[in-house]
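The values are calculated or read from the model by the stated rules, or taken from the named source; none is laboratory data. These figures come from a predicted structure and were not determined experimentally. Quick reminder, even Gly has a Cβ in these numbers, built from the backbone with ideal geometry, and neighbours come from all protein chains shown. Areas reflect the complete protein model, heavy atoms only, side chains present, ligands, DNA and RNA absent. Shrake-Rupley method; radii C 1.70, N 1.55, O 1.52, S 1.80 Å.
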Amino acid sequence: MSEVRIVVNGVERFGVVEGRTLLSGFLRDGLGLTGTHVGCDTSQCGACVVHVDGQAVKSCTMFAVEADGRSVDTIEGQAAPDGTLNAIQQAFQDHHGLQCGFCTPGMVMSAAALLKENPTPGEAEIREYLEGNLCRCTGYHNIVKAILAASGQDVAAIAAE
Amino acid sequence: MYSFEVDKPGSVEAAVAALQIEEAMALGGGQTLIPTLKQRLASPSRLVSLAGIAEMKGVSAVDGVVTIGGGTPHATVAREAAGAYPALAALAGNIGDPAVRNRGTIGGSLANNDPAACYPSAALASGATIVTSSREIAADDYFQGMFTTALHEGEIVTAVRFPVPQAASYQKFEQPASRFALVGVFLARFAEGVRVAVTGASEDGVFRWSEAEEALNKEFRADALTGLAIAPENMIADLHGTKEYRAHLVSVMTKRAIRAVG
Ligand SMILES: Cc1cc2nc3c(=O)[nH]c(=O)nc-3n(C[C@H](O)[C@H](O)[C@H](O)COP(=O)(O)OP(=O)(O)OC[C@H]3O[C@@H](n4cnc5c(N)ncnc54)[C@H](O)[C@@H]3O)c2cc1C
Ligand code: FES
Ligand code: FES
């Protein structure tokens, strides 16, 4: 067992973890932050994406001890303290970018990472960036629309398919 | 996952020492190893994380050779090798997805030597040198079949040196579910000749297609491959493609690489 200190959504958190404790497990079971979802065992679905020191990573494919001393941002830290959604979350709601919502935390966190790198991505760039985020419900179209809208771009241009 | 401890050494020397413990294993980016541990296909007593070793990180270009630290993530290679070796940077930038590229490392990829991995083809086609904690290994001697390399137990890939070719191209035919290469061809053209390395296709792992190299050394155009074919016998067959399908793809992807290089 080892002690970890991780700044989660701006707040310093401590925990005692096993070597094999995944970051996703620490967030969910250790801190009760169950917004980070776990959808697979194979590192493929992206439901667990969080930011570690600002970079998108699959929290199911990193050990909690590897995040010791670093800062982690999760879906819980995206809205304002009074519950006001951020631009990406609001766009997902406005453009019907979710159905069951299982993939949504990972989608929003990947979208946030993309917009930091590239503030006005094109449709193809958005689809490419989301290659590691699987959605079984929406067919992706409205997710792409939401991200275009969140980046202040016109969504009328992409036709409904 | 079975239980294990995680060590975080700060130098190659300390990591080599930590790996002496029985059943200890190196942990690179974990993008292959962690899914393997989840399936209980490995049961190390201890993982030795290489992520905190500064001397194993970074990309540098000197005198026509690009050197990449063994612990350098794919995303960093995609960004920092773009000027010095564009085809290698493009390969790195197309591995998996952005989150995988932020963690997965070149050393982990070459140590694992998955028959469908991308980097082995670049290393073999470039005639790279694999630098380890104890020696230097030429790519031609390093890859020894599916998931098999010249590495000894506890040996760490600390860097990879790529001679930069005059022109190069990596053509990947993606397996859409895994995003690994169903077939990938890396073609590198040097003043001394052309090297063609194929991944994803063979049951013996990455290999050089020497007949194609000979033909291209005589005449560098896609038509030079006319009449050449890969024998399907040793190709991989799975639900994504038959042996014949893969053999055919090797020619198609090689021709695309030739055209891309021009
Ligand atoms: C969804 C997904 C898609 C992927 N798509 C692709 C793809 O398209 N193309 C591709 O090539 N790969 C792909 N990968 C694999 C990815 O590139 C891995 O990052 C890589 O194969 C392993 O690197 P790692 O640093 O994560 O190693 P780890 O998973 O940490 O380790 C893998 C093995 O190498 C050993 N090891 C690690 N580092 C070293 C070192 N420096 N020296 C000696 N031994 C070491 C470990 O002990 C272990 O046995 C994908 C992975 C995922 C999860
Ligand atoms: S839970 Fe599926 S990639 Fe992490
Ligand atoms: S909304 Fe259901 S999986 Fe994406």
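Within segment A:116-129, the set of residues being in contact (Cβ under 8 Å) with a residue 24 or more places away in the chain and open to solvent by less than 30 Å² (accessible area, probe 1.4 Å) comprises A:121 only.
Counting the residues of segment A:1-30 that are open to solvent by 70 Å² or more (accessible area, probe 1.4 Å) and either in contact with a Pro (Cβ under 8 Å, 6 or more places away or on another chain) or at pLDDT below 95 (or both) gives 1. With respect to residue A:108, is the statement that it is open to solvent by less than 30 Å² (accessible area, probe 1.4 Å), under 14 Å from the mean Cα position of the chain (by Cα) and under 26 Å from residue B:48 (Cβ atoms) true? In short, no. Answer yes if at least one residue in segment B:185-195 is under 23 Å from the mean Cα position of the chain (by Cα) and either more than 16 Å from residue B:261 (Cβ to Cβ) or in a helix (DSSP H, G or I) (or both), and no otherwise. Within segment B:185-195 (the criterion being under 23 Å from the mean Cα position of the chain (by Cα) and either more than 16 Å from residue B:261 (Cβ to Cβ) or in a helix (DSSP H, G or I) (or both)), the answer is no, since none of the residues qualifies.
Would you confirm, using the coordinates I've provided, whether residue B:149 is in contact (Cβ under 8 Å) with a residue 40 or more places away in the chain, of a type in the set (S, T, N, Q) and in contact with a strand residue (DSSP E or B) (Cβ under 7 Å, 6 or more places away or on another chain)? For residue B:149, the condition - in contact (Cβ under 8 Å) with a residue 40 or more places away in the chain, of a type in the set (S, T, N, Q) and in contact with a strand residue (DSSP E or B) (Cβ under 7 Å, 6 or more places away or on another chain) - is not met.
Go through (1) touching a residue at least 24 places away in the same chain (Cβ under 8 Å); (2) within 14 Å of chain A (Cβ to nearest Cβ); (3) part of a helix (DSSP H, G or I); (4) among the small types (Gly, Ala, Ser) and name the single condition residue B:52 misses. Residue B:52 satisfies every listed condition except (3). Please work out if residue B:130 is buried (at least 21 other Cβ atoms within 10 Å of the Cβ), free of Cβ contacts under 8 Å to residues at least 40 places away in the same chain and away from chain A (no Cβ under 13 Å). Criteria met by residue B:130.
Filter segment A:130-152 down to residues that are open to solvent by 10 Å² or more (accessible area, probe 1.4 Å) and among the polar types (S, T, N, Q) and give me whichever is nearest to ligand 2 (Cβ to nearest atom). Among those that are open to solvent by 10 Å² or more (accessible area, probe 1.4 Å) and among the polar types (S, T, N, Q), it is A:138. The requirement of being within 14 Å of ligand 1 (Cβ to nearest atom) and open to solvent by 20 Å² or more (accessible area, probe 1.4 Å) is satisfied by residue B:151.
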